[in-house]
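Let me begin by presenting the structure, written as structure tokens, before commenting on it.
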Amino acid sequence: MGNWVNSYSKGIYRIETIVDQFYDESYPALGENKIGDRIKDRIIVTKRFLNSKFKKSFSYESCSEAFVSKLNNNHYSELQKVIEQYPKLLEEFNEYEIPTRETIYNMELQIDNESDLKKVNGLIDFIKIGKSFLEIQTEMEQTDLLKLKPKYFGNYLFQLINYNDEYLNKKILWRNAKLTKK
């Protein structure tokens, strides 16, 4: 972390966070992988300091480490010149905070009565304390909500939300959920 790099988009970036990811029950196809196996490519969260013309351009992105590379010598020299000429720019950059990043898992539901709608809203409250996909599935099974998953399309979209790639015991931690009528 802290290294200056090129990222998915053009510009000069600094690595802020490196996220190890793991396969869990939310992955639709594991292939030869097992629950808890580390996913090959990590997620690299970067902050952009300069655009491709070496002008101030604060932003952020996260992408697979396959898209991140070290700066070549020319870019690194140009970066050092900018930092020497404009030291306050680096201070301003350091103060720039990356907003909360969200990962969303979408699930179609077919809800046709108030009782089931009430149960799903209860599930949303259950998720807010932080639950794994398996815990959510188990709760849906115990409250008879799995029957609401249609074969193709439903009348509601149920979204699980993870913030800042948070994992607990190698499982994605879902901390919020939203239910939207289609």
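Here are the numbers for this structure:
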quantity: Inter-residue pairs, beta-carbon under 7 Å, first modelled with pLDDT of 95 or more and open to solvent by 20 Å² or more (accessible area, probe 1.4 Å) and in segment 110-136, second assigned to a loop (DSSP other than H, G, I, E, B) and of a type in the set (A, V, I, L, M), 6+ apart; calculated: Leu117/Ile111; Lys119/Leu145
quantity: Segment 91-109 - residue that is surrounded by 15 or more Cβ atoms within 10 Å (Cβ to Cβ) and not acidic (Asp, Glu) and, of those, nearest to Lys151 (Cα to Cα); calculated: Leu109
quantity: Single match in Ile43, Ile35, Ile39 (criterion: more than 28 Å from Lys81 (Cβ to Cβ) and touching a Cys at 6+ places or on another chain (Cβ under 8 Å)); calculated: Ile43
quantity: Residue under evaluation Asp37, criteria (1) within 27 Å of Ile172 (Cα to Cα); (2) in contact with a Ser or Thr (Cβ under 8 Å, 6 or more places away or on another chain), criterion not met; calculated: (2)
quantity: Residue within segment 156-167 that is over 23 Å from Ser62 (Cβ atoms), touching a residue at least 24 places away in the same chain (Cβ under 8 Å), surrounded by 12 or more Cβ atoms within 10 Å (Cβ to Cβ) and in contact with an Asp or Glu (Cβ under 7 Å, 6 or more places away or on another chain) present; calculated: yes
quantity: Qualifying residue in segment 27-46 (condition: outside any loop (DSSP other than H, G, I, E, B), closer than 22 Å to Thr100 by Cβ and in contact with a Gly (Cβ under 8 Å, 6 or more places away or on another chain)); calculated: no
quantity: Top-ranked residue of segment 19-40 - restricted to ones that are of a type outside the set (Gly, Ala, Ser) and exposed (fewer than 13 other Cβ atoms within 10 Å of the Cβ), ranked as modelled with the lowest pLDDT; calculated: Pro28
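The values are calculated or read from the model by the stated rules, or taken from the named source; none is laboratory data. Computed from a predicted model, the values in this text were never measured in an experiment. Don't worry about glycine lacking a Cβ; one is built from the backbone with ideal geometry, like all the others, and counts go over all protein chains shown. Side chains included, ligands, DNA and RNA excluded: accessible areas come from the protein's heavy atoms. Shrake-Rupley method; radii C 1.70, N 1.55, O 1.52, S 1.80 Å.
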